[in-house]
Amino acid sequence: MYVNGDAQASTRGRHVFIVVESGQASKGLDWTAIRQNIAATGGYLSLALIDGSRSNWIVRPVPTADQIPAQVSTVGAGTASPGVAAAIIDQLMEAQGLVPAIQTTEVRLYGAALAETELNDALSGEKTVQLRVFDKSALRTARSTYKPPAAAAQKPATGRAGRASSTQTAGKSAAASTSLPPAYYLRQQARKAPPSVGQATPQAPNPVRQAARPSPVPPTTAPIVTTPATVAASTPTAGIPQSTTAPSSREGFVARFKPMRRLFAGILAAMTVLLGVFPGYVWTNIWGYSYPRDAALIADVVSYAQSRAFGVALLFGALIALVGTRARWLTMLGFGYGLLSGVMPGVIPDFLVWPAPPIIAGVLMNTASFWGMWMAYAPVLYIGLGVAVISTVAKVLPETPQSVVAARARNRVSTRDWLGKRSLVDKFAISLLLWSAFTAVVPWLVGRFVLQDNILFSAGSGVFDTDAREFWAYALPLYVGGMAALFVLAGLAMVLQPWSGRKGAGIAGLFLVAAGLVAGHFGTTLWTSAEEGTAARLMSTAFPFDDQFLTCGHAEAVLTDDSGESWLYQVWTARIKGSDVGSRDCNRIQVYKGWQHMDTKDLPEGQVVTDGPDFVSGTTVADAVFQYVQSDGQTIQLPVNGQ
């Protein structure tokens with residue numbers, strides 16, 4: 001029975017890898033028939049689609065045939081470009097890692113000349129991988145490294161030297177190597193490794209042209225005995241290791257994990273947090289102390305700050321020990337968090353504040369008290385120690401295996417393919433957000449002219465005069481609110497576009513909308529706090545009367561009203577516009593309660609204020625008295641009288 005040119009046979013360990021390129025050649029692919037054949041013969045089946053220089057998985061090899069999907073689609077196949085063979089070979093390596101029981105691989109290519117040529121050249125020296133090129137349902141023998149028995153038997157012998165197959169040497173059939181283990185990286189290392197002592201260096205035979213292609217010799221496959229510790233090849237071949245001893249799963253895990261190294265790295269990573277606390281706290285708080293009077297207090301508060309961060313240090317050390325890599329930036333996060341917690345102790349949540357054990361607290365106390373008058377300069381040494389420890393952690397942690405690195409790279413490529421590309425609208429939205437975030441101009445303008453006292457930000461209950469708002473107190477709320485609005489607009493612009501081919505941008509748009517809502521809530525919190533400060537300023541500071549009007553002086557006093565709140569009362573002198581008095585004389589009295597105007601009192605015709613006003617007595621609005629002197633010498637007392 002033949003399925004797309006393949007004779008059905010019971011060959012356990014055979015992997016059929018189908019690679020499809022767009023075009024007429026792919027129309028002969030019969031997935032159902034191939035799947036049934038694989039299920040009958042007990043092999044493994046996978047499918048990938050060519051797209052430029054990439055090859056994307058559609059069906060990865062699975063241990064059992066019942067896990068192979070019954071239907072597949074090749075709509076996503078594209079046209080091959082130079083370098084596609086490297087991507088296909090990477091997938092062969094990945095398949096070997098997914099299913100270690102694979103012994104031989106048949107690459108069935110439904111594609112054009114470029115992919116044929118690259119794969120033929122790349123696989124010409126690989127004896128456990130056979131290339132079969134199909135045009136619709138017909139096998140193209142001329143471009144395949146696999147030669148079916150029927151085609152080889154019908155080829156007559158000629159006296160003229162014929163060219164051997166690119167996967168064969170003289171007198172050797174490609175089928176003879178079907179029992180070799182497909183550990184490609186082991187073969188490459190064996191070819192490069194020097195011969196062991198007492199072993200002759202194998203000489204690779206030169207290619208020989210044979211006069212006539214002999215009839216293929218049936219492969220002599222010796223039974224393969226497989227144990228958890230040994231995988232042996234049945235046919236010795238020069239340059240290929242015949243036995244590879246593999247550790248058991250537990251031994252391999254321990255060897256890769258290296259627990260002692262990771263424990264040591266975790267301890268060092270925890271130290272980076274405590275080292276970061278010292279310079280952050282010292283350089284922020286030491287300037288109010290003096291030596292030697294406050295030496296003990298300085299050492300005590302610094303060691304307490306470090307002890308407060310002990311819980312975070314333990315958690316960070318455990319994180320590095322379990323999942324840490326050699327990337328230095330990960331350990332730098334711990335030092336940076338410690339530095340920030342020294343400047344702002346509130347960044348450590350209360351549930352993470354675990355007091356250090358007495359022995360560690362004692363070490364921290366002794367270390368902090370050691371510096372004495374040099375306390376202000378000690379942080380420089382702590383920063384240097386932190387840098388050294390960070391580098392040490394990166395060197396102590398075990399190296400990531402190359403197979404893991406390669407798998408991560410393939411996953412990144414696969415993820416990028418799934419996420420797709422950004423459209424012009426996406427790029428513009430992201431560029432606008434980045435530019436706005438760094439310049440702060442656009443978000444502030446949006447917050448000031450669109451959101452303030454309008455959509456997002458409303459005036460506080462105690463703010464009756466918006467002129468009391470200070471610029472810098474409101475700069476951050478307006479910036480955050482403007483960025484929130486831009487986040488939402490940019491996110492909607494990215495979400496509302498078609499998601500086909502740009503799933504990543506669509507998902508990013510959803511995150512931007514969510515981030516905009518969170519930022520908006522944070523902005524309203526900042527705005528409310530700023531409004532509370534403005535309301536307090538309206539009550540406790542004097543109205544800027546002299547910035548707007550001519551005055552000859554004023555008096556002020558903090559008084560308590562009937563509700564128990566304290567207000568700054570002021571009595572200002574002013575000049576009535578158009579009055580017949582001197583240009584620098586005042587003939588009007590203005591009473592203010594904070595920034596709120598309460599009363600106006602005009603002096604008699606021709607009279608001006610010659611002295612005062614002054615605060616006389618009183619602590620409440622009911623008994624407070626101000627006074628001033630008129631030009632006729634009369635002293636006028638001015639009670640506030642609850643105003």
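The values are calculated or read from the model by the stated rules, or taken from the named source; none is laboratory data. In this text, all values refer to a predicted model and were calculated from it rather than measured experimentally. Cβ: placed from backbone, ideal geometry, glycine included. Neighbour counts: every protein chain shown. In case anyone asks, the SASA skips ligands and DNA or RNA and just uses the protein heavy atoms, side chains included. Shrake-Rupley method; radii C 1.70, N 1.55, O 1.52, S 1.80 Å.
Things to note:
- Label point 7 Å beyond Cα of residue 540 along Cβ direction - residues of the range 422-465 with amide nitrogen under 19 Å: 460-465
- From the alpha carbon centroid of the range 535-594 to that of the range 623-643 is 14 Å.
- Estimated inter-spin distance, residue 507 and residue 465, nm [label 7 Å along Cα→Cβ]: 5.5 nm
- Accessible area per residue in Å² at 1.4 Å probe, computed on the range 440-540: 52 Å²
- FRET E, pair residue 407, residue 528, Förster distance 45 Å, beta-carbon r, rounded to 0.05: 0.35
- Annotation for residue 323 and residue 565: the two label points, set 7 Å from Cα along the Cα-Cβ direction, are 5.1 nm apart.
- Per residue accessible area in Å² of the range 542-639, where ligands, DNA and RNA are left out and the probe is 1.4 Å: 52 Å²
- Available extension along the chain between residue 521 and residue 79 is 154.2 nm, counting 0.36 nm per residue and deducting the alpha carbon span.
- Here the extension length gained between residue 611 and residue 53 equals 191.6 nm, from 0.36 nm per residue of separation less the Cα-Cα distance.
- Its relative contact order, with pairs defined as Cα atoms under 8 Å and 6+ residues apart, puts the range 542-639 at 24 percent.
- Diffusion coefficient of the range 475-617 by Stokes-Einstein, Kirkwood radius over Cα pairs, 20 °C, 1.002 mPa s: 110 µm²/s.
- Of all accessible heavy-atom area on the range 13-138, the percent that carbon and sulfur account for (1.4 Å): 52 percent
- Surface composition of the range 471-629: carbon plus sulfur atoms hold 59% of the accessible area, using a 1.4 angstrom probe and ignoring ligands, DNA and RNA.
- Extended-chain gain in nm, criterion 0.36 nm per residue less alpha-carbon gap, residue 354 and residue 36: 108.3 nm
- The range 13-138 - share of DSSP beta bridges that are antiparallel (%, nearest 5): 25 percent
- Between residue 611 and 629, the built amide H atoms are under 5 Å apart, and every one of these is 5 or more places off in sequence or on another chain.
- The residues neighbouring residue 509, those whose beta-carbon lies less than 15 Å from its own, together hold a net charge of +4 under the Lys/Arg +1, Asp/Glu -1 convention.
- Among the trypsin sites (Lys or Arg not before Pro) in the range 448-539, none is located in a DSSP loop while being surrounded by at most 12 other Cβ atoms within 10 Å of its own Cβ.
- With the highest mean first, a sort of the peptides 377-390, 346-359 on other beta-carbon atoms found within 10 angstrom per residue produces 377-390, 346-359.
- The modelled label-to-label distance between residue 450 and residue 584, using points 7 Å beyond Cα along the C-beta direction, is 5.3 nm.
- Cα centroids of the range 597-622 and the range 22-58: 98 Å apart.
- In the range 550-609, the trypsin sites (Lys or Arg not before Pro) that fall in loop regions by DSSP, at most 10 other Cβ within 10 Å: 577, 584
- Among 521, 554, the sequence by solvent-accessible area, most first, with a 1.4 Å probe is 521, 554.
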